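Each remark here refers to the structure printed beneath this line.
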Amino acid sequence: MKTLFSLAERLAGPFLRISLGLVLLWIGSLHLDNPQSIVVLLSQSLPFLASSTFVYVLGALEVIAGVLLIAGLWVRFVGLLSLVLFAGTLTIFAIAPGVTGFPLLNLTGQFLLKDIVLASAAITVVAKDAAKHEAKRAQRAQLASRPGEQTIPLVNGESKQANASEPSEKTSSRPL
C-alpha cells in the first residue's frame, strides 16, 4: 500500500495540472467555436460584458491557459489567471441568482457550479507549484551556504555540489 500511496503522491500534481489544462482548453475552444450561448448568459447576468468580442477574448485566454498548463509553463501564474476566470464565472451566483435558480439550481446553475471544483483545482496547482519552487530555492540557498563547497551550474538548470578540495570539472553552461 505504501508504494501505491507514494505513486499517487507523485502523480497527483501533474495529473491535476494537465487535467485542468485540458478542461480550460476544451471550454475555451467551445467559446471560440460558438460564443453566442455565453453572450446570452452574460446578457442575463453581466450585460456590460455581453459581446462576442469579450467571449472570443475569454476563449482565447482559456485556450492559452490550457496549453500552458499542459506544457507545464508558468504554472503558478497561469493557475492564478484561471482562478480569476473561475471566480468571474462564480460571481453570477451572487450578481444574478435568478439566472442560476439559486439556491435550488436550474441547469445553468448546475453547469456553473462546476467552477467551484475547478477553482479549487487551480488553487491546488498554484500551491503545489509554488511549494516546488520554494523547495528548490531553499535547496540552492542551503548548498550555497556550505563552507568549502561550491555549486556548479549544469546545462539543464540544476546544480551539482562539488567539494573545493576535489579537482573541479570544467562544464559549459551553454547548451550544445
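What follows draws every value from the coordinates through simple rules; no lab data is involved. Note that the coordinates shown come from a computational prediction; the quantities given were computed from them, not determined experimentally. In this analysis, Cβ positions are derived from the backbone assuming ideal geometry, glycine residues included, and neighbour counts consider all displayed protein chains.
Observations on the structure shown:
- For the stretch 2-163, a crude dipole built from +1 on the beta carbon of Lys and Arg and -1 on the beta carbon of Asp and Glu, taken about the Cα centre, is about 620 debye to the nearest 20.
- Shape of the stretch 30-78, Cα gyration tensor, a/c cut at 1.5: prolate
- The stretch 1-130: C-alpha gyration tensor shape, a/c 1.5 cut-off, then a/b vs b/c: prolate
- Karplus 3J(HN,Hα) series, Hz, for the stretch 123-133 with 6.51 cos²θ - 1.76 cosθ + 1.60 (x for Gly, Pro): 4, 5, 4, 4, 5, 5, 5, 5, 5, 5, 5
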